[in-house]
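Asker: One structure, pasted below without further comment.
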């Protein structure tokens, strides 16, 4: 099948699209703020300019709420997509996504403890992120310990263990929701489980940015090794790639990014499953190209999905996971049926 | 480059499948490994190309312990055609062959012009240049096999390990692949080859030396004519064999019959 010979133009186009998307994400919303005002406040925020006192509410909406939220959506989308690529290579399975390792449902237990029972109250606004991230790491350790054998981490055991843990953690979460007799808190917990960027602010950016950026660099540098791993463990060995060590690296990267992202955005499903496949349809299976393109596709997608989730039924916000599923499922099924798709578009 | 296997034992999931193998392949020689199914050929080779660790003994390249070597450095010296050939990932043929350059690359691994040229030559040598743009998973078994051999050649190895390289190939392709392994590149340079082969006639024709494996041990070793005796073939393979000389090349060829039940 025909494939673009060069990735650079695609990457450039996606970068432009991302810039435009973040602008739209900042400019559009339930409260009408004119474009001139949006640009004015963005400039003020970026350059440290001054604003008058009657502009404060618009400035707050643009600079304190929408802009960091659009940025966070981009970072979360990029992180989930890159991790989706990594996990699919890690378990050599097209159906894998960042959540198949059981880490997000582990994070949900930590989040619920805060949302429903006020755990870690001393940490204030940080309680939710810290608790979610901490329990994600705990879940990762459990999955790793349970899946590990003398032969190392084998794909099938990892998927089975992760899936089993997923159900276990989900059961704990459900139990927590049932036993907490606070209706509004249960709603927050549900919202978090389906993913939401409504808590985004400048404070939620640093950890997510650092985790996602570090993962992107590491994965991009490992692209050649990921190709070898995708061909099979024995092939990897003949090419000088230690499949066991690479799997451990990928597992830790995937778990850390999933934990960091889920801690600030909840469990946004489907992005990590869908974006890697959509990307492979554009670029083919070579991880050098997939890892350059997939994070940008994911970033653009999530900025728009978040925008839709907050304007569609404004002032009510929809969970992001609901919107990704509503948009994603039919698109994905159609694409798959049309291409006879396996793992990259041809075959 | 000389390949020395000394006292090598290999275990899979706690069971010792290969016992105390000692085998030498002198530089540039083609050494064949034959034996019935389950005799340990693939297990031995998997250890030689480092998919399995040795339980005892060592594999040495010009005296240097392969399993103690840095993995990438080892992969620049020794390439292999493993038996696994399936992947769900839709790599193109060119991408699969390009993976052979991985041990030679640094950083993000952007292929250099030299890398691309090496890959193109490797594909041409296996007669698969026309497949470069095709998706690998959609190829026939024989096409896949040739592409995977091209990937091993693209590694520019000094030692080449092949596990049943003629699997899935028709007879003309079998002869072509073994001839290309024997004859080396355009300059006549060829790596030392250790290959498992099912077909004893092909093994006799293309190998300088044969090692017969039976139940994880070497039952016989030497030049094909000395090794493939009717007695050994009856004992190890359970067949009755006639030895004849090829009318043109003089290579030993075998004609097989079932052993009569009474004699076993």
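Every number here is computed from the coordinates shown, using simple stated rules; none is lab data. Because the structure is a prediction, the values reported are computed rather than measured. Every residue, glycine as well, gets a Cβ built from its backbone with ideal geometry; the counts of neighbours run over all protein chains shown.
Asker: Take the Cα gyration tensor of the range A:90-217, multiply each eigenvalue by 5, square-root it, and list the three semi-axes largest first, rounded to whole angstrom. All intermediate terms of the calculation are to be shown ahead of the outcome.
Answerer: Working: eigenvalues 144, 72, 31 Å².
Semi-axes, largest first: 27, 19, 12 Å.
Asker: Calculate the all-directions average of the projected area of chain A's alpha-carbon convex hull, and give it in nm².
Answerer: 19.0
Asker: While we're on this one: Can you pull the mean other chain C-beta count within 10 Å for peptide B:147-156?
Answerer: Working: counts 0, 3, 0, 0, 4, 3, 0, 0, 3, 0.
Counting Cβ atoms of other protein chains within 10 Å of each residue's Cβ and averaging gives 1.
Asker: On a 0 to 90 degree scale, rounded to 10, what angle separates helix A:271-283 from the longest Cα axis of chain A?
Answerer: The angle comes out at about 70 degrees.
Asker: Hey, another quick one. What's the angle, to the nearest 10 degrees (0 to 90), between helix B:113-125's Cα axis and the longest principal axis of chain B?
Answerer: Around 30 degrees separate the two axes.
Asker: GNM on chain A, C-alpha springs below 10 Å: top fluctuator among A:197, A:282, A:219?
Answerer: A:282
Asker: Next question, about the same structure. Taking a cut-off of 14 Å, what percent of all Cα-Cα pairs in the range A:184-236 are separated by more than that? Spell out each step's value before the answer.
Answerer: Working: 978 of 1378 pairs.
Summing the P(r) of the range A:184-236 above 14 Å gives 71 percent of all pairs.
Asker: From other protein chains only, count the Cβ atoms within 10 Å of every residue's Cβ in A:239-252, then give the mean. Write down the numbers at each step before the final one.
Answerer: Numbers: counts 14, 16, 6, 3, 1, 0, 1, 0, 0, 0, 0, 0, 0, 0.
That average works out to 3.
Asker: Please list A:167-179, A:96-108, A:233-245, B:114-126 highest first by mean number of surrounding beta-carbon atoms within 10 Å per residue.
Answerer: Values: A:167-179: 15.6, A:96-108: 28.2, A:233-245: 22.7, B:114-126: 18.4.
Peptide ranking by packing, descending: A:96-108, A:233-245, B:114-126, A:167-179.
Asker: So, in nm, how far is label residue B:70 from label residue B:26 when the simple model puts each one 7 Å beyond its Cα toward the Cβ?
Answerer: Those two pseudo-labels are separated by 3.3 nm.
Asker: Restricting to the protein assembly as shown, what percent of DSSP beta bridges are antiparallel, rounded to 5? Write out the running numbers ahead of the final one.
Answerer: Numbers: 28 of 45 bridges.
Of those bridges, close to 60 percent are antiparallel.
Asker: Express as a percent, rounded to the nearest 5, the fraction of DSSP beta bridges in chain B (both residues included) that run antiparallel. Show your work: numbers first, answer last.
Answerer: Values: 27 of 44 bridges.
Taking every DSSP beta bridge with both residues in chain B, the antiparallel ones total about 60 percent.
Asker: Compute the acute angle (0 to 90°) between the alpha-carbon long axis of helix B:171-183 and the principal axis of greatest extent of the alpha-carbon atoms of chain B; round to the nearest 10°.
Answerer: Value to nearest ten degrees: 80.
Asker: Next question, about the same structure. So, R0 is 25 Å and r is the distance between the beta-carbons of residue B:16 and residue B:168; what FRET efficiency does that work out to, to 0.05? Please list the in-between numbers first.
Answerer: Values: r = 30 Å, r/R0 = 1.21.
Plugging the Cβ-Cβ distance into 1/(1 + (r/R0)^6) gives 0.25.
Asker: From other protein chains only, count the Cβ atoms within 10 Å of every residue's Cβ in A:226-234, then give the mean.
Answerer: Details: counts 1, 9, 5, 1, 5, 12, 7, 3, 12.
Mean partner shielding for this stretch: 6.
Asker: Quick check of the Kirkwood formula: for chain B, what is the inverse mean of 1/r over all pairs of different Cα atoms, in Å?
Answerer: Numbers: mean 1/r = 0.0520 Å⁻¹.
Hydrodynamic radius (Kirkwood, Cα pairs) of chain B is 19.2 Å.
Asker: Report the Cα centroid-to-centroid distance between the range A:300-335 and the range B:176-197 in angstrom, as an integer.
Answerer: Centre-to-centre distance over Cα atoms comes out at 57 Å.
Asker: For the protein assembly as shown, just list the percent of Cα-Cα distances falling in each 10 Å bin from zero outward, please.
Answerer: The percentages, shortest bin first, are 3, 15, 22, 20, 15, 11, 7, 4, 2, 0, 0.
Asker: Using a 10 Å cut-off on Cβ atoms, rank the peptides A:52-59, A:321-328, B:68-75 from the highest mean neighbour count down.
Answerer: Details: A:52-59: 11.2, A:321-328: 20.0, B:68-75: 16.5.
For the peptides A:52-59, A:321-328, B:68-75, the packing ranking is A:321-328, B:68-75, A:52-59.
Asker: Sorting check: for A:266-277, B:54-65, B:244-255, which peptide has the highest mean count of neighbouring beta carbons within 10 Å, and how do the rest follow? Could you put the intermediate results ahead of the total?
Answerer: Working: A:266-277: 26.9, B:54-65: 16.4, B:244-255: 12.3.
Averaged packing, sorted descending, gives the order A:266-277, B:54-65, B:244-255.
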